[in-house]
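Structure first, then comments.
The values are calculated or read from the model by the stated rules, or taken from the named source; none is laboratory data. Owing to the predicted nature of the structure, the values given are computational and were not obtained by experimental measurement. Please note: Cβ atoms are built from the backbone with ideal geometry, for glycine as well, and neighbour counts cover all protein chains shown. Heads up: the accessible areas ignore ligands, DNA and RNA and are worked out on the full protein's heavy atoms, side chains in. Shrake-Rupley method; radii C 1.70, N 1.55, O 1.52, S 1.80 Å.
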Amino acid sequence: MSLTKEAILERLRRVKGPDLEDNIVDLGLVSEILHKDGRVSFSITVPADRATELEGLRQAADKV
């Protein structure tokens, strides 16, 4: 089975957003999803002044 954009989004939906109620996909924080040569990359956009505070989101997304 090949990895699809929707499958990637489903996994990223497991990561709770900064409000701890919604996930980072449904909050619109994820963009630029690429899947090539067995590697996945994506962007998570957060306000610059909260980047350090929200570093845990990036780490959680990397794990899933």
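Structure notes:
- Difference of contour (0.36 nm per residue) and Cα-Cα distance, His35 to Glu21: 2.3 nm
- Note on the chain: dipole from Cβ charges, positive end direction compared against Ser2, Leu27, Val40; the farthest Cα belongs to Ser2.
- Surface accessible to a 1.4 Å probe, Lys5 within the full protein complex, Å²: 130
- Accessible surface ranking for Leu27, Leu54, Leu20, 1.4 angstrom probe, highest first: Leu20, Leu27, Leu54.
- Rg/Rh for the chain stands at 0.97; both radii use Cα atoms, and Rh follows the Kirkwood definition.
- Distance in nm between pseudo-label sites at Leu9 and Glu55 (7 Å out along the Cβ direction from Cα): 3.0
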